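Enquirer: First the structure, which I've put down as structure tokens, then a few questions once you've had a look.
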Amino acid sequence: EADIYQTPRYLVIGTGKKITLECSQTMGHDKMYWYQQDPGMELHLIHYSYGVNSTEKGDLSSESTVSRIRTEHFPLTLESARPSHTSQYLCASSEGSEQYFGPGTRLTVT
Amino acid sequence: EDKVVQSPLSLVVHEGDTVTLNCSYEVTNFRSLLWYKQEKKAPTFLFMLTSSGIEKKSGRLSSILDKKELSSILNITATQTGDSAIYLCAVYGGRSNYQLIWGAGTKLIIKP
């Protein structure tokens with residue numbers, strides 16, 4: 001069954017730690033996205049990719065980085081976590097206009 | 001600046017009522033408008049509306065795009081408690097071919 005996966009689902013981590021949020025999809029989609037969403041707020045695009053070895057920053061200023069070495073894999077890395085990074089992170093992929101979302105990672109930085 | 005505005009921000013109705021959710025947009029290079037339903041976690045796709053497909057219907061849900069008014073509505077008839085969710089509107093357009101511009105959503109609560 002084609003799907004999009006994110007791990008971990010929940011993460012509590014201390015300030016200054018390096019973390020990587022994983023995202024994988026089995027649909028063979030070229031385009032992948034990372035969004036940040038605070039409760040009751042709109043989705044903010046932080047990174048996107050339209051194929052292997054191509055990544056772009058979105059509209060939201062972010063201290064994170066991404067890589068796209070394989071079509072199915074689009075990890076997000078925070079080099080030094082801060083309390084301001086506490087949020088929900090959603091990964092999505094698309095072939096055409098419709099984006100398919102993963103279940104999200106709820107990150108808390110203490 | 002490109003933007004998508006949804007109204008109302010929240011709505012509480014009783015089971016069986018009909019609701020209308022609104023989405024207006026000011027987006028350059030408009031390509032399509034999408035509606036999503038977000039319950040506890042990830043948004044799930046409902047409809048996509050384009051210039052060539054301005055009305056969509058699926059069961060009790062329907063949506064219309066008004067390109068002249070730069071807006072869309074999402075109708076839900078005979079609401080059920082399972083319809084309780086945040087309904088998100090997003091528009092493809094703006095500077096990039098690949099980005100969706102999102103509204104803040106309408107939080108819909110259906111009381112039994």
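Enquirer: Just checking: which of the strands (runs of 3 or more DSSP E) contained wholly in segment A:42-110 hold 2 or more residues that are over 28 Å from B:Ser10 (Cα atoms)?
Expert: Strands (runs of 3 or more DSSP E) meeting the threshold: A:44-51, A:54-57, A:64-66, A:76-78, A:87-94.
Enquirer: Working carefully through the options A:Ser87, A:Ser24, A:Ser93, find the one that is within 15 Å of the chain's Cα centre (by Cα) and more than 14 Å from chain B (Cβ to nearest Cβ).
Expert: Within the list A:Ser87, A:Ser24, A:Ser93, the selection yields A:Ser24.
Enquirer: Can you pull out the residues in segment B:60-91 that are of a type in the set (A, V, I, L, M), surrounded by 13 or more Cβ atoms within 10 Å (Cβ to Cβ) and more than 9 Å from chain A (Cβ to nearest Cβ)?
Expert: B:Leu61, B:Ile64, B:Leu65, B:Leu70, B:Ile73, B:Leu74, B:Ile76, B:Ala85, B:Val91 - these are the residues of segment B:60-91 that are of a type in the set (A, V, I, L, M), surrounded by 13 or more Cβ atoms within 10 Å (Cβ to Cβ) and more than 9 Å from chain A (Cβ to nearest Cβ).
Enquirer: Which residue is surrounded by the fewest Cβ atoms within 10 Å (Cβ to Cβ), if the candidates are limited to segment A:28-46 and must be touching a Ser or Thr at 6+ places or on another chain (Cβ under 6 Å) and more than 15 Å from A:Gln88 (Cβ to Cβ)? Please lay out each step first, then the result.
Expert: Pass one, segment A:28-46, residues touching a Ser or Thr at 6+ places or on another chain (Cβ under 6 Å): A:29, A:31-32, A:36, A:38, A:46.
After this cut, where a residue has to be more than 15 Å from A:Gln88 (Cβ to Cβ) as well, the list is A:29, A:31-32.
Values: A:His29: 21, A:Lys31: 19, A:Met32: 28.
So, considering only residues that are touching a Ser or Thr at 6+ places or on another chain (Cβ under 6 Å) and more than 15 Å from A:Gln88 (Cβ to Cβ), the one surrounded by the fewest Cβ atoms within 10 Å (Cβ to Cβ) is A:Lys31.
Enquirer: Quick one: in segment B:20-33, of everything that is in contact with an Asp or Glu (Cβ under 7 Å, 6 or more places away or on another chain) and over 21 Å from A:Gln36 (Cβ atoms), which residue is surrounded by the fewest Cβ atoms within 10 Å (Cβ to Cβ)?
Expert: B:Thr28
Enquirer: Here's another thing I want to ask about it. B:Cys89 passes all but one of (1) touching a strand residue (DSSP E or B) at 6+ places or on another chain (Cβ under 6 Å); (2) part of a strand (DSSP E or B); (3) over 22 Å from A:Gln88 (Cβ atoms); which number fails?
Expert: (3)
Enquirer: Given the residues A:Ser80, A:Ser64, which is the only one that is over 19 Å from B:Gln99 (Cα atoms) and away from chain B (no Cβ under 11 Å)?
Expert: Sole residue among the options that is over 19 Å from B:Gln99 (Cα atoms) and away from chain B (no Cβ under 11 Å): A:Ser80.
Enquirer: Then there's this: Any residue in segment B:95-109 that is β-branched (Val, Ile, Thr), under 27 Å from A:Thr55 (Cβ atoms) and in a strand (DSSP E or B)?
Expert: yes
Enquirer: What residue, among those in segment B:34-59 that are surrounded by fewer than 17 Cβ atoms within 10 Å (Cβ to Cβ), part of a loop (DSSP other than H, G, I, E, B) and touching a strand residue (DSSP E or B) at 6+ places or on another chain (Cβ under 6 Å), is farthest from the other protein chains (Cβ to nearest Cβ)?
Expert: B:Ile54
Enquirer: Run down B:Gly94, B:Gly105 and say which single residue is more than 30 Å from B:Glu15 (Cα to Cα) and either touching a residue at least 12 places away in the same chain (Cβ under 8 Å) or within 10 Å of chain A (Cβ to nearest Cβ) (or both).
Expert: On inspection, the qualifying residue turns out to be B:Gly94.
Enquirer: I'm trying to understand the selection: among the residues of segment A:68-83, which are out of contact with any helix residue (DSSP H, G or I) (no Cβ under 9 Å at 6 or more places or on another chain) and either under 30 Å from B:Leu108 (Cβ atoms) or crowded, with 16+ Cβ neighbours inside 10 Å (or both)?
Expert: Across segment A:68-83, the qualifying residues are A:Arg68, A:Thr71, A:Glu72, A:Phe74, A:Pro75, A:Leu76, A:Ala81.
Enquirer: Within segment B:46-68, identify whether any single residue is closer than 15 Å to A:Glu42 by Cβ and either of a type in the set (S, T, N, Q) or touching a helix residue (DSSP H, G or I) at 6+ places or on another chain (Cβ under 7 Å) (or both), and answer yes or no.
Expert: no
Enquirer: (1) part of a strand (DSSP E or B); (2) charged (D, E, K, R); (3) at pLDDT 95 or above: which one isn't true of B:Asp17, the others all being true?
Expert: (1)
Enquirer: Being free of Cβ contacts under 8 Å to residues at least 24 places away in the same chain and outside any strand (DSSP E or B) is the filter here; which residues of segment B:60-81 pass it?
Expert: B:Arg60, B:Lys68 - these are the residues of segment B:60-81 that are free of Cβ contacts under 8 Å to residues at least 24 places away in the same chain and outside any strand (DSSP E or B).
The values are calculated or read from the model by the stated rules, or taken from the named source; none is laboratory data. Being a predicted model, the structure only gives us computed values, none of them experimental. For neighbour counting, all protein chains shown are included, and Cβ atoms are generated from backbone atoms with ideal geometry for every residue, glycine included.
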